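Worksheet: the structure to be examined is printed underneath.
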Amino acid sequence: MDLSGTNRAQRQGSSLFLLKSFIRSLKDFLNQTGLHGLKFVGDSNLSSWERSFFFGSFVTAFIITIHLISNIYVKWDSTPVIIGISPQATSILKVPFPAITICNMNQVQKSLVEKYREGSYESALLKLLCDSDKWQSSEFDDDLSLLNIAGNTLSISDFVSNHSQPCERMLLYCRFSAVVHNCSHMFQQMMTDEGLCCVFNFEPPEYLYKPYANSGRNLTNGFGLQGVQWDPESGYPEELPPKFYPSTASGTGITLGFTAVLDAQISEYYCSSTNGPGFKVYFHNPIEVPMVKEAGLITAIGYETNYRIEVVRAEAVAAIRSISREGRQCLFKNEKDLIFYRIYTRLNCENECMSAYLYESCSCIPFDFPKIYSNASTCTMLDTFCVRRAQRSTNRPRWAKCRSQCLPTCFDLNYLASGFTFPLAINDFLLSNPLVESINKSYLGENIAVINVYFRESVYYGNMKNAYVGLTEFLSNIGGVMGLFMGFSVISLAELLYFLILKPLVELFVWKRTAHVAPERSLRQNPGIEQPDGIDNQSFWHVKELYPKGAAWEPNGKGRKLKRSRNIINSFVQ
């Protein structure tokens with residue numbers, strides 16, 4: 001008995017039956033579908049050219065639909081996020097008053113450094129401070145004799161901290177929210193890239209730095225306020241103490257803003273960080289360490305300057321979390337951990353990248369950068385040239401890869417200041433500020449500067465990041481195009497699934513089951529035909545049921561051989 005021939009014949013029979021069932025279901029689909037034009041393609045009453053016309057029209061509409069859908073997908077993939085104006089106004093009482101950092105352009109006090117003789121380690125450090133741009137140029141890299149740098153291990157931060165003007169001598173008068181305060185209680189001294197500065201309304205260190213981080217900054221507050229945790233994404237805690245910081249404003253205008261009277265002490269000027277005397281004022285987010293040197297605003301001596309503050313806030317809807325970071329180009333606060341800082345911001349991330357780069361280059365970290373490694377040493381005078389060389393723009397591409405990973409935060413808060421100045425009085429007449437009025441007019445014009453910081457508006461509208469084309473809109477656009485050109489809907493998918501897949505398979509399954517006959521029935525219907533040797537009667541298929549047209553058994557002496565007639569294909573195609 002030829003078992004392989006029997007199995008092959010069974011497979012061929014199943015394939016042909018499935019093909020015939022599929023063709024029949026396809027005709028039913030063409031006659032009953034709701035897709036535009038296909039009903040006419042399957043209409044046998046129409047001529048061939050009419051059916052060809054509708055088929056060509058359907059193919060054309062299908063090609064146009066695919067092209068438009070590809071355009072929709074490209075737009076969805078290339079522009080996943082759109083930035084718009086927040087629909088709701090936010091009160092300034094819900095965000096902190098800007099952190100204010102004030103720096104005297106004088107690097108060190110003359111009376112404290114004039115005692116150092118030429119050639120000493122201290123005088124070499126003073127030359128470095130006062131000629132910062134000169135010593136940063138490449139032409140002096142190899143001429144170490146210009147400075148007594150060999151063996152000079154003086155700490156730049158300690159030297160500047162001990163020889164610069166303290167905050168209590170720079171700040172003569174402070175008023176916040178219409179209440180006069182002791183400036184020493186409001187401000188804390190802080191070492192920045194501009195030297196020793198005074199900072200107000202800064203985030204408490206326990207909420208800004210990680211427990212094991214050595215910030216090196218004493219920011220204890222004597223203002224009588226209790227520090228609270230704040231960040232742009234979560235905002236303030238639900239329950240706040242009566243007095244807290246970072247503080248919020250009480251309202252708009254100069255009266256409810258911040259006012260300070262600054263004393264430059266021109267007689268103590270030894271060298272300036274710019275080309276003249278004065279102050280640098282920097283308004284920043286309370287959770288970001290100030291970078292005053294590059295972004296500070298100049299406040300001139302002998303003038304009163306009004307800084308009108310506008311809030312620039314970035315917000316995001318929760319729906320864009322499903323979009324990739326590269327697509328939305330922003331990070332939520334819990335998506336990236338920093339080594340030194342508790343709260344992620346792009347500036348904090350970039351500072352850590354620069355710290356890692358400088359430590360790799362010089363085996364130390366400058367005092368004005370975060371000490372991200374607990375065992376890292378602070379750079380001294382001896383390391384100055386290495387640090388300056390590494391910080392040059394020609395070498396910075398080495399840390400560009402790290403910096404490129406510092407995406408902006410999805411929730412951010414910045415302050416935009418507009419400054420207006422007018423000269424202080426030089427004649428004797430009554431002034432609004434009693435302290436300013438009591439100062440000698442000559443000293444007033446040469447040493448004193450007054451600043452007023454206030455909000456212009458009581459509310460602001462943030463910039464909201466939202467999905468440009470969400471999943472609902474994406475599906476709606478595709479459905480609209482397919483419905484317009486092809487009449488396609490979700491039910492059309494069910495029609496395709498039913499007529500072209502499910503129905504042919506079910507018919508094949510039913511046909512196979514009915515083709516199985518019991519041995520007794522098979523023998524009763526064919527009493528003269530013996531069963532092939534070795535064939536299980538329970539699974540034997542009757543020839544007439546498997547091949548109803550054109551198939552026959554012919555004995556050949558060793559068994560029975562299946563012989564298919566020539567018209568078997570025609571019988572299934574008909």
Consider ALA515 carefully, then state whether it is among the aliphatic types (A, V, I, L, M), surrounded by 14 or more Cβ atoms within 10 Å (Cβ to Cβ), out of contact with any His (no Cβ under 6 Å at 6 or more places or on another chain) and modelled with pLDDT of 80 or more. no
Any residue in the range 415-425 that is more than 31 Å from the chain's Cα centre (by Cα), assigned by the TED database to the domain that holds ASN351 and either part of a loop (DSSP other than H, G, I, E, B) or crowded, with 19+ Cβ neighbours inside 10 Å (or both)? yes
Output the residues belonging to the range 82-116 that are under 22 Å from GLY257 (Cβ atoms), of a type in the set (Gly, Ala, Ser) and open to solvent by less than 30 Å² (accessible area, probe 1.4 Å). ALA99
Would you check if ASP368 is touching a residue at least 60 places away in the same chain (Cβ under 8 Å), of a type outside the set (Ser, Thr, Tyr) and either at negative phi or out of contact with any strand residue (DSSP E or B) (no Cβ under 7 Å at 6 or more places or on another chain) (or both)? yes
State all residues of the range 426-470 that are of a type in the set (D, E, K, R) and surrounded by fewer than 19 Cβ atoms within 10 Å (Cβ to Cβ); if no residue qualifies, say none. ASP428, GLU437, LYS441, GLU446, ARG456, GLU457
For the range 245-258, check the following and say yes or no: at least one residue is modelled with pLDDT under 90 and open to solvent by less than 40 Å² (accessible area, probe 1.4 Å). yes
Within the range 275-297, residues being in contact with a Lys or Arg (Cβ under 9 Å, 6 or more places away or on another chain), under 26 Å from PRO423 (Cα atoms) and among the β-branched types (Val, Ile, Thr) number 1
Those residues that are part of a loop (DSSP other than H, G, I, E, B) and at pLDDT 85 or above, I need them from the range 376-395; list them, please. ALA376, SER377, CYS379
Looking at PHE62, PHE29, PHE58, can you tell me which residue is of a type in the set (A, V, I, L, M, F, W, C), open to solvent by 90 Å² or more (accessible area, probe 1.4 Å) and either within 23 Å of ALA494 (Cβ to Cβ) or in the same structural domain as GLU457 (by the TED database) (or both)? PHE62
Taking the stated definitions as given, is ILE301 in contact with a Pro (Cβ under 7 Å, 6 or more places away or on another chain), open to solvent by 10 Å² or more (accessible area, probe 1.4 Å) and assigned by the TED database to the domain that holds TRP230? yes
Please go through the range 73-127 and pick out each residue that is touching a residue at least 60 places away in the same chain (Cβ under 8 Å) and more than 43 Å from the chain's Cα centre (by Cα). GLN109, LYS110, SER111, VAL113, GLU114, TYR121, ALA124
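Conditions (1) farther than 29 Å from ASN106 by Cβ; (2) among the charged types (D, E, K, R), marked per residue:
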residue	(1), (2)
VAL292	no, no
TYR307	no, no
GLU310	yes, yes
ARG313	yes, yes
LEU338	yes, no
GLU352	yes, yes
SER355	no, no
TRP49 being among the aromatic types (Phe, Trp, Tyr) and closer than 30 Å to ALA316 by Cα: no
Does ILE478 count as surrounded by 13 or more Cβ atoms within 10 Å (Cβ to Cβ) and in a helix (DSSP H, G or I)? yes
Which of the numbered conditions does LEU358 fail, given that it passes all the others? Conditions: (1) assigned to a helix (DSSP H, G or I); (2) surrounded by fewer than 16 Cβ atoms within 10 Å (Cβ to Cβ). (2)
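Rundown of residues vs (1) aromatic (Phe, Trp, Tyr); (2) within 30 Å of PHE332 (Cβ to Cβ), yes/no style:
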residue	(1), (2)
ASN427	no, no
LEU431	no, no
TYR461	yes, yes
GLU473	no, yes
ILE478	no, yes
GLY483	no, no
Residue that is most open to solvent (accessible area, probe 1.4 Å) [pool: residues in the range 169-215 that are part of a strand (DSSP E or B) and hydroxyl-bearing (Ser, Thr, Tyr)]: TYR173
THR409 is checked against (1) over 30 Å from GLY327 (Cβ atoms); (2) buried (at least 22 other Cβ atoms within 10 Å of the Cβ); (3) not hydrophobic (A, V, I, L, M, F, W, C) and fails just one. What number does that condition carry? (1)
Check the range 435-447 and report whether any residue there is assigned by the TED database to the domain that holds TYR307, modelled with pLDDT of 90 or more and in contact with a strand residue (DSSP E or B) (Cβ under 7 Å, 6 or more places away or on another chain). yes
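The values are calculated or read from the model by the stated rules, or taken from the named source; none is laboratory data. Fair warning: this is a prediction, and the values are worked out from it, not measured in the lab. Virtual Cβ from ideal backbone geometry, glycine too; neighbours counted across all protein chains shown. Heavy atoms of the whole protein, side chains included, go into the accessibility calculation; ligands, DNA and RNA do not. Shrake-Rupley method; radii C 1.70, N 1.55, O 1.52, S 1.80 Å.
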